[in-house]
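Everything on this sheet refers to the single structure shown next.
The numbers here are math on the coordinates, done by the rules we state, and not lab data. Quantities reported herein were computed from a predicted structural model and do not represent experimental measurements. FYI the Cβ positions are ideal-geometry reconstructions off the backbone, even for glycines, and counts take in every protein chain you see.
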């Protein structure tokens, strides 16, 4: 919720607060981690009569069974492997109960929020209404403050904690805006010019604002021999195929999606330059199928590395590695409001935007966008189909959001896994660096480091328990609980790796080298897409949620046993034999991984 909203006096006279019978309240959410980016601004006095939009997420049914249901269609030993669900079945299984809806409705009415002010989503998963700051503070037994972001100067409305009636705690997931901070989706890549071996460090772009970075000088492609002998210096699609032992695709049976957030956008001229130099089997003019979400545009008004580098990288390698399969671009958010993961999920699952998810005005793009120049149409809601594999090279910090917000979003990935979609996310800079097409790979630590570690929110899934237990048994880090979650009971990441260094990418008319898990994610996604191609050709389903299968078959990966991910004043974690929090299980060995999945029903 941007603070400017606070200066807008409500367009209606707030009803007098009702005087309901006293009911016991219980703490619902509290900010456990204080982020240094946001500080309370004591110079800003809030207008208690200002109106803010409130969203209450209602608890869904059967989520306690979600993991088991997902394993039933995803575990390689399950007789129901690959028998994915329809979206209608998913919607019916997880919709909130009538008791939940009526209980929340009664509480609001008794607290002075009349039924006429409350709008429930189509599937009754969200209760939304406008209220004054004073009303909300009373409703949630809290106090709002103004916060300022030290990096951007943006202001934000939030509280430190809030409470709900004791009898409603089981019926409410979370309420927004409350303790959440604005977590902009960030691409995870860095760039250097081909003609200069020294790293040119670029500030990490923010989704809602691109930085004005001038591209490096053009270089003559004749000066560089793009052969397998030079893969240690210039990584190309040919190098990737050699590293992971797969050939050009020949079919067009599966679907592969890449997600980008405005203002990041690819340039067709860059794609053509890339094809000419690195993928000559692809005709000039080949482009992705573009799905525009919430007023998005593939903009060409501003062109810089930060505006085009991410999308150029993702689209160029996705197309080159799976051609002739079609790649779909999910371009998300207008140029004013921007967007989040939730906005993308809304567009591919109508149940999420009407019951399962719901947009948080402090986190997500809210449409129609009332800002000048913003998108005035309705938000995307189930208007696009999810591809079989979807890669996203963006992320945010776990500590910037709440466990409830992240859990609700995680549940959506569970549902889409039930439907047969494979999601891949970058783990944070910056992947695995290969020395050549034949020499062993190692975790890159020359100019970039691989993101990895352990969650403070999510418990360890059963499919990962053996691999992580082995890591702690043989290679337990010496760090204390103040430096990382060493409980040995939480989710470890990453799961897998792929090369993330020295990718040759055409950006703004010249060729650049790019580093990052922004490169790793679309590369690994291409491998899974090619596997889907073969399964569909054999009249089998797409692989869907791959984690149980890959953890059950570590021999299908090239184990990375050297390198680390230095950070936070420490040497970080170290790549070791077996799973580790630097490179996961390792990089894909395509023939072995294909054999694993083709053996499944």
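Neighbour counts of other C-beta atoms within 10 Å: give me 28, 156 arranged from fewest to most.
Least to most surrounded, the residues fall as 156, 28.
Can you tell me the relative contact order of the range 506-589? Whole percent, Cα pairs under 8 Å, sequence separation 6 or more.
21 percent
Between residue 276 and residue 250, what is the spin-label point distance in nm, taking each point 7 Å from the Cα along the Cα→C-beta axis?
3.1 nm
Note the full-extension length gain between residue 482 and residue 106 as 0.36 nm times their separation in residues minus their Cα-Cα distance, in nm to one decimal.
131.0 nm
What FRET efficiency would be calculated for the residue pair residue 536, residue 462, taking the C-beta separation as r and a Förster radius of 41 Å, to the nearest 0.05?
Computed FRET efficiency for residue 536 and residue 462: 0.90.
Set the Förster distance to 22 Å, then compute FRET efficiency between residue 290 and residue 269 from the Cβ-Cβ distance, nearest 0.05.
0.85
Got a sec? How would 313, 27 order by Cβ neighbour count within 10 Å, fewest to most?
The fewest-first ordering by Cβ neighbours comes to 27, 313.
What is the fewest-to-most order of 346, 72, 571 by other Cβ atoms lying within 10 Å of their Cβ?
571, 72, 346
For the pair residue 555 and residue 32, how long in nm is the line joining their label points, each one 7 Å along Cα→Cβ?
Here the answer is 3.9 nm between the modelled labels.
In nm, give the distance between the simple-model label positions of residue 410 and residue 301, each being 7 Å from the Cα along the Cα-to-Cβ direction.
Placing both labels 7 Å along Cα→Cβ, they lie 3.9 nm apart.
What number, in percent, do you get for the relative contact order of the range 61-114 if the mean sequence gap of Cα pairs under 8 Å and at least 6 apart is divided by its residue count?
After rounding, I find 31 percent.
Between residue 403 and residue 166, 0.36 nm times their residue separation minus their Cα-Cα distance comes to what?
Here the segment from residue 403 to residue 166 would lengthen by 83.4 nm.
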